[in-house]
Structures are given as structure tokens and as C-alpha cells.
Amino acid sequence: SELIQRAHRARVVIVSPSLLVLSIQVVQSVLRDQRIRDEAHRIQSEVVHLLDDVEAIGERVGKLRSHFGQTTKDLDEILVSADKLKRRANRIESLDLTGEAAGTTREPSGHGDPQLPLDRRDRLAGE
């Protein structure tokens, strides 16, 4: 009992070996929980940064979609113009410029076509 009183004054707790092991396990568990909480805060912070990056990617994809949409529209308009040019070229190609079908003869250059307005005939003659 004198030993217990000296230990109490020195603030020392006397325990059995099994209680000592249990005490160590409790302290280890508390320290592990603290490390997990610290890591959880770091993970949450990184998730916030990841969400910001995902949002930025979403905005950039939206801008890219808009650019592709405009490009698609421009390509469609180019195709329409190309089709018009093909149709016009086919009409020109199908013209009988020999004059045999109509029974008349035309000037070899085709610039003297009386059906063209004068300013168009002059422009063609200058080419």
C-alpha cells in the first residue's frame, strides 16, 4: 500500500499487463482516427479542386460544341454553294453552242450572244 501511495503522488497508474496492452491499443486507435480525419479534410479539399476542374472542362466542351456547330453550318453553306455551281456548270455544259439545234450560227467566242445584256457581253468580250 505504501507503493500505491508513492505511485499516486507521482501520478503513476499501476496496471496489469493486459490493461497496459488495452491502453496502448486505445491510444493507437485515437491517433489513427485523428490521422484519418486529417486525411479526410485533405481529400475533401482535393475533391473541391477536382469539381472546379470538371466544371471548367464542361465549359470548354460547350464552347467547342458551339465552334463545331458553327463549322458545320459553314460547311453546309459551302456544300450548297458547290451544288449551285455544279448545277450551273451542267446547264452551261448542256448548251448547244454549235448552232445546229436551233438552226442558227453563233459567233465562235460566244461573247456576241444577243440574249445577254450589253454590259455582260462587254465583260465577256474583255476576258
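What follows is calculated from the coordinates using simple rules that are stated; it is not laboratory data. Keep in mind the model is a prediction, meaning the values are calculated, not measured. In this analysis, Cβ positions are derived from the backbone assuming ideal geometry, glycine residues included, and neighbour counts consider all displayed protein chains.
Given the C-alpha atoms of region 1-56, compute the convex hull and give its volume per residue in Å³.
Details: hull volume 3.7 nm³, N = 56.
Per residue, the Cα convex hull of region 1-56 comes to 66 Å³.
Just subtract the alpha-carbon distance of Val13 and Ala82 from 0.36 nm times their residue separation and send over the number in nm, one decimal. Can you show the working numbers first?
Values: separation 69, 0.36 × 69 = 24.84 nm, distance 9.61 nm.
That works out to 15.2 nm of additional length.
Evaluate E = 1/(1 + (r/R0)^6) for Val26 and Ile4, where r is the Cβ-Cβ distance and R0 equals 30 Å; express this FRET efficiency to the nearest 0.05. Mind dumping the intermediate values first?
Details: r = 23 Å, r/R0 = 0.77.
Once the sixth-power term is evaluated, E becomes 0.85.
If R0 is 25 Å, what FRET efficiency do you get for Ile43 and Lys63 from their C-beta distance, rounded to 0.05?
Values: r = 31 Å, r/R0 = 1.23.
The formula returns an efficiency of 0.25 here.
Between Ile36 and Ser94, 0.36 nm times their residue separation minus their Cα-Cα distance comes to what? It would help to have the intermediate numbers written out before the result.
Details: separation 58, 0.36 × 58 = 20.88 nm, distance 8.37 nm.
Here the answer is 12.5 nm.
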